[in-house]
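Every read-out reported here was derived from the displayed coordinates using simple, explicitly stated rules and does not represent laboratory data. Quick caveat, the model's predicted, so the values are computed rather than measured. Note that we place each Cβ from the backbone using ideal geometry, even for glycine, and neighbour counts take in every protein chain shown.
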Amino acid sequence: MKKHTAIFFVLICLSVFSTQAQVTLRPEKVGINIIPQYTLHIDSDVSMNADPAFQLDFENAVMGINAKGMQVESVPLNMNGSQFGGKFFVSTTSPANHIGSAEGTNALMSTNNNNGSFKGVLGFVASTSLDNSNASQTSSLIGGDFRTNPNTNLSLSVGRYWIAGVRGRIEGAINNDPDDGAIAAVLGVDSNTGSAESWAGYFLGNGHVSDKLTIATTNMPTSLGSNSLSDYKLYVNGGILANEWLVPNVSTWGDYVFEADYALKSLPEVEQQIEAKGHLHNTPSAKEVENNGLAVAAMTINQQVKIEEIFLHLIEMDKRMKALEEKNERLEEENKTLKAALKLD
């Protein structure tokens, strides 16, 4: 097998390099213009003008093995710099009309001790201008473009699937928090210093987060006062601006106040509660809200109860007022009758 591998590399080298190159063979090693110290050792400029310049095809591969069109392994080093498993770089001063793709790359990185970066794949585009003179077209400046096949009608059978244009995943155990930076399966950084509006992440279509999400902070609070926050999924370190806010599945509303058997506290009882406690009955005090926060849904229901209690008191007061008005009218009529009888007019 090793002999066949060496012959395979020789055939590749002879097909893409100049016939003037000196090819040296050693057991399990191939050298071009040099006595090989490595499995494939090249000491010359490399120019590839074929279409494709380099291609490996795997057909009828036996299931259970790993077949890779291209694999690049970056050996761990102690260094100050950047180390890439695979790096693809496009640099031009003006956009070029082209159609192409870089696909099937498996970049393997081992651990190292460095002051630089380890990247499985780095896509980088350096361009000084974009010109989209054709309004029917869309111009793109994208460091990396990963997508599913848009021309395939995919039918799924029973089972679990992950279908994604881009998938980032963190596995294993990471036990120490960095002093700065982040540990993330997908990391977006917006470093735009120009006046154009830009985003670290931009999504067209639906989005889904299966667990907790923080905005404007990386610290998710776990408790507030005596209350656990383990059931809360979203934390925003700042204001929230919305056109509407809908709280679903509200099982208890304040309308039970209007039921005949509801024990409505009298206004003197309410007054006693205020004098003794400094707040309304069944309503948290200012100190409790300061320590434990304000549960918006629960407080909205509580306030609705108090509003409906107020209306019950107003209705009762209105009835009493009308009764007093009627009584006053009767007294006035009686007073007029007495005055007429006594001729005091």
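Count of the stretch 197-236 residues, restricted to those that are under 12 Å from the mean Cα position of the chain (by Cα) and not in a loop (DSSP other than H, G, I, E, B), is 4.
Considering the stretch 148-164, and only residues there that are under 21 Å from Gly207 (Cα atoms) and either among the β-branched types (Val, Ile, Thr) or surrounded by 10 or more Cβ atoms within 10 Å (Cβ to Cβ) (or both), the residue that is nearest to the chain's Cα centre (by Cα) turns out to be Ala164.
Within the stretch 253-300, how many residues turn out to be within 27 Å of Tyr232 (Cα to Cα) and aromatic (Phe, Trp, Tyr)?
Summing the residues that are within 27 Å of Tyr232 (Cα to Cα) and aromatic (Phe, Trp, Tyr) in the stretch 253-300 gives 1.
For the stretch 237-345, please list each of the helices (runs of 4 or more DSSP H) lying entirely inside it that holds at least 3 residues being closer than 30 Å to Ile215 by Cβ. Spell out how you get there, then give the answer.
Details: elements: 267-277, 286-292, 296-341.
Hits in the stretch 237-345: 286-292, 296-341.
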